[in-house]
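The values are calculated or read from the model by the stated rules, or taken from the named source; none is laboratory data. Treat the numbers as computed from the prediction; the structure is a model and nothing was measured. All Cβ positions, glycine included, derive from the backbone under ideal geometry; neighbour counts span all protein chains shown. SASA here: full protein model, heavy atoms, side chains in, ligands and nucleic acids out. Shrake-Rupley method; radii C 1.70, N 1.55, O 1.52, S 1.80 Å.
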Amino acid sequence: MRDHSDQSQARAARDPLPRRRVRREGAGNSVCAGRVRFARIAGCALLTLAASFAHADPIDELLKERLPELRLPGVSLAVVRDGRVLKSAAYGFADLEMKTAATPDTIFEIGSLTKQFTAAALLLLSDEGLVSLDDSVIEHFPDAPESWRAITLRHLLTHTSGIQNHVAVPEFMNELFGGRIAREELPGRFFALPLEFQPGETWSYDNTGYYLLGLVIERVAGTDFWSFLDERIFKPLEMRDTGPNDPTGSIPNMAKGYGLANNNYARRPFLPPFVALSAGAIRSTVGDLAKWEAALVEGTLLGSQTQAAMWTATRGADGGPLPVPYGFGWIVESWRGEPVVQHSGGTPGFSSTIYRFPRRGIAVILLANHGDRILDTLALDIAGLVEPALQRPIDAQDPDATRSGRLCGVLESLLKGSPRSADLTPAMNRFLGTTTGKSWFEWIASHGEPGRFEFSEFYETPDGRVSRYRVALDGKPYWFSFLCTPDGRIAQVNPW
């Protein structure tokens, strides 16, 4: 979602990655009629890949295939199992101009992966009794508007506060990146942002809330945000290459960030720390993030009850599921019917993701030096190579073509910006009315006309049925999951 301290205002969506070519359907026709069919899903390609390179590492082969497809200059990877690094590798270039190869020690901006560290920092203070997650925001910001009184720190942690996401306001971001807003002015500017819904009514990705959490940490701890993270998290875990972004580019082993301009690579500036702070201004390496993963596995930083709370999906005010199942700094999902906690991030020149499969003890960490390149599907495919049970199903037969046709129509209506409210839960309808919700599906629609809609799998959850499909956008395959509640309404449509 992506985002996330995310320079692109529509970033709060995933950008799944192509496994094979899919023929583009004719423009102007309904994408649903005749297109719900059997699918040969990516797992088939993975099995073929493993067999074809019997004497090669299939993860290496997969990354070498994907780098040019995704236009990624360089990628660093760590695969961790039960807190131990199974594989650490890098591919491509950290610096295209100098032809400097990426290595596992290459440093990348990690964008919104920062949020899990911000959440952990606040939880440390909460466990020590210095702050309560149920504190009103006004207790920490007396100048905040009275309309914020019902907003708690818990709402900020879970993106359920209703505060508009300032990153999705172009004028705000232009002023911020242009240096026309000083850091000390930001709280007052945040207070002027409108509430888009009442606290807890729905979910909407909100960098504003996480920035405010960093300021709360500073006020409660009596030190600056970076010093607190360094003393309480980075140093104890020996994360020596992790800290705030450096806009001067003077840090050794720092990758250069890139984007595409006129279909060519273009250097992007480093993100100044104050612009994103606790919402997305950390830089790190896959090795350091593997240490973070080990600390989570071993429970050396946070207690088991605190971690369980961090990985519990927030419910709406009505008790129902929200458009994205979010805990504290993590998305709390299911994959193939078992738990997965994950998050992605992006800055103008960098993309990142961590996928954790607690039941399997597996984590996949990917850092890349290209903005706007979401890495979820790549992480999931790597996990499937490590643990076959996590591979996407192959040759899946659709058990309910009528249901699939309806979901196809709902996706088409969302991409056109004209959904029927009766198809969706109240929380989903409210989400679509937010700045982030509108830009989410606009961003997905920007990838092209929808085409073939292929069934992959379904499974039941306490909230209803999750169904996954592979969908062609402009002839390239992407993945979508739908959560349908027992009453037939759609609570979640997520691109992974």
Within region 427-439, tally of residues that are open to solvent by less than 10 Å² (accessible area, probe 1.4 Å) and either closer than 25 Å to residue 334 by Cα or assigned to a helix (DSSP H, G or I) (or both)
5
Between 457, 442, 449, which is at negative phi, open to solvent by 10 Å² or more (accessible area, probe 1.4 Å) and at pLDDT below 90?
449
Exclusive hit being small (Gly, Ala, Ser), within 22 Å of the chain's Cα centre (by Cα) and more than 30 Å from residue 190 (Cβ to Cβ), set 280, 259, 299, 287:
287
For region 440-448, indicate whether the set of residues that are under 23 Å from residue 402 (Cβ atoms) and among the aliphatic types (A, V, I, L, M) is non-empty.
no
Would you check which residues across region 187-202 are of a type outside the set (Gly, Ala, Ser) and either exposed (fewer than 14 other Cβ atoms within 10 Å of the Cβ) or in contact with a Leu (Cβ under 8 Å, 6 or more places away or on another chain) (or both) and list them?
187, 190, 194, 202
Those residues of region 394-424 which are open to solvent by 20 Å² or more (accessible area, probe 1.4 Å), touching a Ser or Thr at 6+ places or on another chain (Cβ under 6 Å) and touching a residue at least 24 places away in the same chain (Cβ under 8 Å), in sequence order
398
Quick check, is residue 361 touching a Gly at 6+ places or on another chain (Cβ under 9 Å) and buried (at least 21 other Cβ atoms within 10 Å of the Cβ)?
no
All positions within region 165-186 that are more than 22 Å from residue 269 (Cα to Cα), open to solvent by 20 Å² or more (accessible area, probe 1.4 Å) and touching a residue at least 12 places away in the same chain (Cβ under 8 Å)
none
May I ask you to say which residue of 381, 372 is touching a residue at least 60 places away in the same chain (Cβ under 8 Å), in a helix (DSSP H, G or I) and either over 24 Å from residue 240 (Cβ atoms) or out of contact with any strand residue (DSSP E or B) (no Cβ under 9 Å at 6 or more places or on another chain) (or both)?
381
Tell me yes or no: at least one residue of region 104-112 is open to solvent by less than 20 Å² (accessible area, probe 1.4 Å), of a type in the set (Gly, Ala, Ser) and under 19 Å from the mean Cα position of the chain (by Cα).
yes
Could you look through region 473-496, keep only residues that are part of a loop (DSSP other than H, G, I, E, B) and either within 19 Å of the chain's Cα centre (by Cα) or free of Cβ contacts under 8 Å to residues at least 40 places away in the same chain (or both), and pick out the one that is surrounded by the fewest Cβ atoms within 10 Å (Cβ to Cβ)?
487
Inside region 252-310, can you point out the residues that are part of a loop (DSSP other than H, G, I, E, B) and out of contact with any strand residue (DSSP E or B) (no Cβ under 6 Å at 6 or more places or on another chain)?
252, 262, 263, 269, 270, 272, 299, 300, 301, 302, 303
Conditions: (1) under 27 Å from residue 125 (Cβ atoms); (2) open to solvent by 40 Å² or more (accessible area, probe 1.4 Å). Residue 314 meets all but one. Number of the miss?
(2)
Can you list residue pairs whose Cβ atoms sit under 7 Å apart, with the first residue in region 225-239 being β-branched (Val, Ile, Thr) and the second being in a helix (DSSP H, G or I)? Count only pairs 6 or more apart in sequence or on different chains.
233/117; 233/120; 233/121
Identify all residues within region 405-426 that are within 21 Å of residue 324 (Cα to Cα), in a helix (DSSP H, G or I) and small (Gly, Ala, Ser); write none if there are none.
409, 413, 421, 422
Out of the residues in region 384-408 that are out of contact with any strand residue (DSSP E or B) (no Cβ under 7 Å at 6 or more places or on another chain) and within 25 Å of residue 341 (Cα to Cα), state the one that is modelled with the lowest pLDDT.
394
Regarding residue 356, is this residue assigned to a strand (DSSP E or B), farther than 18 Å from residue 478 by Cβ, open to solvent by 10 Å² or more (accessible area, probe 1.4 Å) and of a type in the set (Lys, Arg)?
yes
Qualifying positions in region 80-94 - surrounded by 23 or more Cβ atoms within 10 Å (Cβ to Cβ) and under 21 Å from residue 361 (Cβ atoms)
80
So, first residue in contact (Cβ under 8 Å) with a residue 24 or more places away in the chain in region 244-273, second residue assigned to a loop (DSSP other than H, G, I, E, B) and β-branched (Val, Ile, Thr), Cβ within less than 7 Å, six or more apart or across chains; the pairs are 253/106; 255/106
Evaluate the following for residue 470: is it touching a Pro at 6+ places or on another chain (Cβ under 9 Å), under 24 Å from residue 392 (Cα atoms) and in contact (Cβ under 8 Å) with a residue 60 or more places away in the chain?
yes
